[in-house]
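One structure below.
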């Protein structure tokens, strides 16, 4: 049976995460990034995001196979209860519920931090990602038409939104991911590991 581990990202994960991410950059319009980031750049991103937000990775038998994180939606102060969602899974491990497990974990953590809305920006032609997000309760909000040019073609981009909690008129300031109870975090990691592990049971 394969050993599955779900945990927070570490700085030295950068190289392994780039190996997952690079084919999306060079071969698909799934990300609008056009050049693969360097290890140093990716480490800088990890440090910036994981200081405040959940950045979760999955390993199988010691190999990094997927990652998911929330990040700041917009810089202006009134948007500080909103976040953006990201997930990538190695092409060698599609259909093993890794994306589902990581998203479940990340979304729950983001909710515990006190965020109210989370957004996903999806290439409209990527029907699998649209359906994936709809399964998590994301709702399409609108489409930017012919807004991204990549791989010799113009692409539409769909913005999707998920409400994480009921709105109130005196929202408390959000928590850093470091302020979330470690026992709750470990429970969510274990649940994510179990989701993935079930796909490898004979």
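The values are calculated or read from the model by the stated rules, or taken from the named source; none is laboratory data. The shown structure was predicted, so the numbers you read here are calculated from the model rather than taken from an experiment. Note that each Cβ is placed from the backbone with ideal geometry, even for glycine, and that neighbours are counted across all protein chains shown.
For beta carbons closer than 7 Å, sequence separation of 6+ or different chains, a first residue in region 178-202 that is within 18 Å of residue 90 (Cα to Cα) and a second that is modelled with pLDDT under 95 and loosely packed, with under 12 Cβ neighbours inside 10 Å, the qualifying pairs are 200/1. The sole residue among 160, 141 that is assigned to a strand (DSSP E or B), closer than 23 Å to residue 66 by Cα and touching a strand residue (DSSP E or B) at 6+ places or on another chain (Cβ under 6 Å) is 160.
For residue 54, the conditions (1) touching a helix residue (DSSP H, G or I) at 6+ places or on another chain (Cβ under 8 Å); (2) in contact (Cβ under 8 Å) with a residue 40 or more places away in the chain; (3) over 14 Å from residue 176 (Cα atoms) are fulfilled apart from (3).
Restricting attention to region 111-132 and to residues that are in a strand (DSSP E or B) and in contact with a helix residue (DSSP H, G or I) (Cβ under 8 Å, 6 or more places away or on another chain), the residue that is farthest from residue 73 (Cα to Cα) turns out to be 123.
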